[in-house]
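Quick notes on the structure that follows.
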Amino acid sequence: MSATDCDALCDGPLSEALAGLEATRSKAVKRFWTILGVCLLLAAVVFFIPMGLEVQLVLAVILAVGGFIFASMPLTKAGNSLKHPVLQAVCSTRGMSYTPENFVGDGYEGLHPVFGKPTSRTFSDRFAGEDNGRSFAFYEANLVTGSGKSRQEIFNGMVFTASRGSGLVGETVVAPDRGLLNVFKPGKGMERVKFDDAEFERYFEVYSTQPDEARSLINPIVQAKLKEWRGKKGKLYARIAGDQVAIAFHESGKNRFEPGPMLKSVPGRERVRNICADVDRSMDQLRDIVRHLG
């Protein structure tokens, strides 16, 4: 989005949200430090109560961590008071729809086995629409397996789906190389498909119900693009079947479409520009996917 278009949004539909942002943020910051301070004080007091060191440590951690989470809630609410109007406005100008939460993840069910069938999933920030005649959707996903001490995050990133120009006979999936575990196929009727590119084989496993179709689809140009998308230490999951492609990019620790740190005073227009830039980068990624796999 150009600077002119961004300013037009700020002066138009976002003017009300921007006008009250700093007052809302300042109030939330005061509540944050007050609540956190009280919880940390209570955590310290716990050590003066005779109940055993182990119990004291557990209670202190619960108070400190729980206090931080509770104290952060007003900051999150303040950030969303800008984030959601920005994304709604951006999508409105581009003919897209935006859903913050409580939606069914497009293309996820087909990817579920590729991820290793995680036990818990959380989807947020869904964008959907049509671009150059292709329907699409993308959203953030967090996938977890196990619970308690065995809980493990296996994916945190973006999932992109788009319709293809032509349908496929088979189903092809791409997953990160699992080493010795790559003997387990991600679906019935699938065969491991090998390629001549040693670097590609080191990073990825490809399975398909139609190996020849997969070799044509995952050609040397696409192999190079998949390595580029993966990055130096990233993970990538993909499923191409019928008339749809779905690709998931693991971005642990990264959260898109956010207004930035709410503890810090940042000009509202800068926050808007950052959110819009995330949408632009995601659309660029989507178009790159369609160019190579659509």
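Where a number appears in this text, it was derived from the coordinates with a stated rule and is not lab data. No experiment lies behind these values; they were computed from the predicted model shown. So basically every Cβ, Gly included, is an ideal-geometry build from the backbone, and we count neighbours across all protein chains shown.
What to note about this one:
- Across region 126-136, rounded Karplus estimates of 3J(HN,Hα) from the backbone phi angles (6.51 cos²θ - 1.76 cosθ + 1.60, θ = phi - 60°) give 8, 10, 8, x, 9, 9, 6, x, 10, 6, 8 Hz, Gly and Pro being marked x.
- The alpha-carbon positions of region 229-294 define a convex hull whose volume is 103 Å³ per residue.
- FRET efficiency, VAL61 to THR34 (Cβ-Cβ, R0 22 Å, nearest 0.05): 0.60
- Links that overshoot a 24 Å alpha carbon limit, given the list LYS30/LYS254; LYS27/LYS264; LYS77/LYS235; LYS227/LYS254; LYS194/LYS227; LYS83/LYS149: LYS30/LYS254; LYS77/LYS235; LYS83/LYS149
- Calculated mean residue ellipticity at 222 nm for the chain: -15000 deg cm²/dmol, from DSSP H runs with n ≥ 4 weighted as -39500 (n - 2.57), summed, divided by the residue count and rounded to 500.
- Entry note, the chain: relative contact order of 19 percent, from Cα contacts under 8 Å with a spacing of 6+ residues.
- With a Förster radius of 35 Å applied to the C-beta separation of LYS188 and ARG281, the computed FRET efficiency comes to 0.45.
- Packing-based ranking of 186-198, 117-129 yields 117-129, 186-198, ordered from highest to lowest mean Cβ neighbour count within 10 Å.
- Geometric extent, Cα atoms of region 39-182 - Rg, Dmax (angstrom): 21.7, 71
- In this Cβ point-charge picture (+1 for Lys and Arg, -1 for Asp and Glu), region 1-134 has a dipole of about 440 debye about its Cα centre.
- Charge dipole of the chain about the Cα centre (unit charges at C-beta), most positive-ward option of MET190, GLY105, THR119: THR119
- In region 12-158, Cα pairs under 8 Å separated by at least six residues give a relative contact order of 17 percent.
- At the listed q of 0.16 Å⁻¹, the Debye profile of the chain, built from one uniform point per Cα, gives log10 I(q)/I(0) equal to -1.23.
- Distance (nanometres) between label positions extended 7 Å along Cα→Cβ at THR76 and GLU109: 2.9
- Rounded to 0.05, the FRET efficiency of the ARG202 and ARG134 pair, given R0 = 25 Å and the Cβ-Cβ distance, is 0.20.
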